[in-house]
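The values are calculated or read from the model by the stated rules, or taken from the named source; none is laboratory data. Remember, predicted model here, so these are calculated numbers, not experimental data. When we count neighbours, we look across all protein chains shown, and the Cβ atoms used for this are built from the backbone with ideal geometry, even at glycine. Each accessible area value is taken on the protein alone, full model and side chains, heavy atoms only, with ligands, DNA and RNA left out. Shrake-Rupley method; radii C 1.70, N 1.55, O 1.52, S 1.80 Å.
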Amino acid sequence: MALLQIYDRLLQFPLFQGMSRDDLEIVAGHTRFGFLKMTAGRQVIHAGDPCTHLYFLINGSLKVESFSDDGRYSVVEQMSSPYILQQESIFGYYQRYTHNFYALTDVNFLMLDKEEVVRLSEDFLVFRLNLMNHLATQAQKLIQAQWRRSPQSLQERVVRFFFLHTLYPAGPKTFHILMERLAEEVNDSRLNVSRVLNRLQTMGLLELHRGRIEIPQVERLLM
């Protein structure tokens, strides 16, 4: 990839925003980027793989699959470029990916190994601050979630469950979950949960299938 193309691609990502033109030219010209192209349908990352690189999705779309700890339900959603795959996993206690990533379309990535990420953090203050801001924001969101008002109805609990189990709070989501398990998660009966879901289906907010809930636009559940 030509130097100018790398420069333009970097500007899409928050990690590089705010850097001067001179700094970006140095990054583009002196950083060891890897390049990866995958065709639609291929698996890019397996859950449990070591996170040794940052993957910058520069074009195309991904399918992301997340699982409960016991493997009894999962969530599938879509992410489009520009997007960085689990950048918080390159540091910390558990340095492994926790989701499966598949190429939904043909995709292209820029890749940075961990040594290059550390070097960029040492050499460029703005890059270091952007990385710290991302990690701090992730932590703040988790802390704030504990102090939000508790849902006042079963429908609110069901909607909160959907949002707590997505990476991005908008767009289409597919929940592979049995009604009995969803009832356990929201601490109510299967019958009552079924009534709520059928009401939401009547409103056109989701579609019910056997063991599967399709949500065309999850953000509409908050309206």
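Quick notes on this structure:
- Distance between modelled label sites at ARG210 and ASP70, nm, 7 Å Cα→Cβ extension: 2.3
- Carbon and sulfur %, accessible surface of the chain computed with the full protein complex present, 1.4 Å: 51
- Convex hull volume of the range 45-181 per residue (C-alpha atoms, cubic angstrom): 131
- Heavy-atom SASA rank of HIS53, HIS176 (probe 1.4 Å, accessible area, largest first): HIS176, HIS53
- One equal scatterer on each Cα of the range 3-95, no solvent, Debye formula: the resulting log10 I(q)/I(0) at q = 0.10, 0.13, 0.17, 0.22 Å⁻¹ is -0.34, -0.55, -0.89, -1.29.
- Packing-based ranking, highest mean first, of 5-18, 100-113 given that Cβ atoms within 10 Å are counted: 100-113, 5-18
- Per residue solvent-accessible surface (Å²) - the chain, probe of 1.4 Å: 56
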